[in-house]
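K.L.:
Sharing a structure here in structure tokens format.
Every number here is computed from the coordinates shown, using simple stated rules; none is lab data. What you see is a predicted model; the values in this text were computed from it and never measured. Here the Cβ is made from the backbone with ideal geometry for all residues, glycine too, and neighbour counts use every protein chain on show.
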Amino acid sequence: MSASTATGAAVGIKGLRKAFGAKTVLAGIDLEIGRGEFFALLGPSGTGKTTLLRILAGLELPDAGTVLAPRRRTTVYQEPRLVQARRVLANVTLGLPRSAREAGLAALAEVGLEGYGGAWPATLSGGEAQRVALARALVRDPELLLLDEPFAALDALTRLQMQELVAELCERHRPAVVLVTHDVDEAVRLADRVVVLREGSFAVEQPIDLPHPRDRSDPDFIAHRRLLLSHLGVTGAPH
């Protein structure tokens, strides 16, 4: 992995291949993601979305191809992955020097958890725990933020609130973002570009050129949703 691409983009991938045994998961992926771009990956389970994310995070090695990504990258998972024996602020600044305390408090305030630094993870709701995970990611000032279905375990209302929060934070901090999700509406609501991954390659790549905030009842939003659902094999999608 390199700190940057030749073109100055945040992520540059050429000819990426990855197999597990006889199963090819990624079959020659080419991808460039601009600095500050919000990129979403859709696709059925087992199509390689999380594998691609793990390769970008440096947790998996490709079998072939080149992957250029920033060194400053962080991941938010479906589970908050908080250390239960540490208070909230200590979770946010985990692995950072003591001088990061003020930055950790500022990050908690940004995600709406001002005053929660001394709380224990066990006392938090699911949405609050994910806010802590977001604060932990943002306090590291990432150039690349990887989101692995971070809202999948939340109730519908909390999920919408978290989507709004992520949109605001990413607009403010401007990292490149890669979101893995099964939720088409979530992808259209947040992303500048959405790709459907199928059988190891990109089946469709769709720019979403709608202004923020995005209204799910807007005809253009609905058109994007229906096109993406059709590429996912869902026909007769509701308006």
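K.L.:
Report the antiparallel proportion of the DSSP beta bridges in the chain as a percent, rounded to a multiple of 5.
P.N.:
Close to 50 percent.
K.L.:
While we're on this one: Work the Kirkwood hydrodynamic radius out for the range 80-141: mean of 1/r over every pair of different alpha-carbon atoms, inverted, in Å.
P.N.:
Computed over the range 80-141, the radius equals 11.0 Å.
K.L.:
Sticking with this structure for a sec: Using the basic label-point model (7 angstrom from Cα toward the beta carbon), what is the Ser217 to Ser230 distance in nanometres?
P.N.:
2.5
K.L.:
Oh, and also: Using per-residue counts of other Cβ atoms within 10 Å, averaged over each peptide, order 11-19, 111-119 from highest down.
P.N.:
Final packing ranking: 11-19, 111-119.
K.L.:
Quick one: among Leu190, Leu145, Leu94, which has the greatest mean-square fluctuation in a GNM of the chain with alpha-carbon springs under 10 angstrom?
P.N.:
Leu94
K.L.:
Between the range 12-87 and the range 165-191, how far is it from one alpha carbon centroid to the other, in angstrom?
P.N.:
16
K.L.:
Apply the Debye scattering formula to the chain, with a single equal point scatterer on each alpha-carbon and no solvent, then give log10 I(q)/I(0) at q = 0.14 Å⁻¹.
P.N.:
-0.93
K.L.:
Whole percent per 5 Å bin, from 0 to the bin with the longest distance: what is P(r) over all C-alpha pairs of the range 1-97?
P.N.:
With 5 Å bins starting at 0, P(r) equals 3, 11, 19, 21, 17, 13, 10, 6, 2.
K.L.:
Further question on the same structure: So if I restrict to the alpha-carbon atoms in the range 43-100, what is the Rg, and what is Dmax, the biggest pairwise distance, in Å?
P.N.:
Using the Cα atoms of the range 43-100, the pair Rg, Dmax is 15.2, 43 Å.
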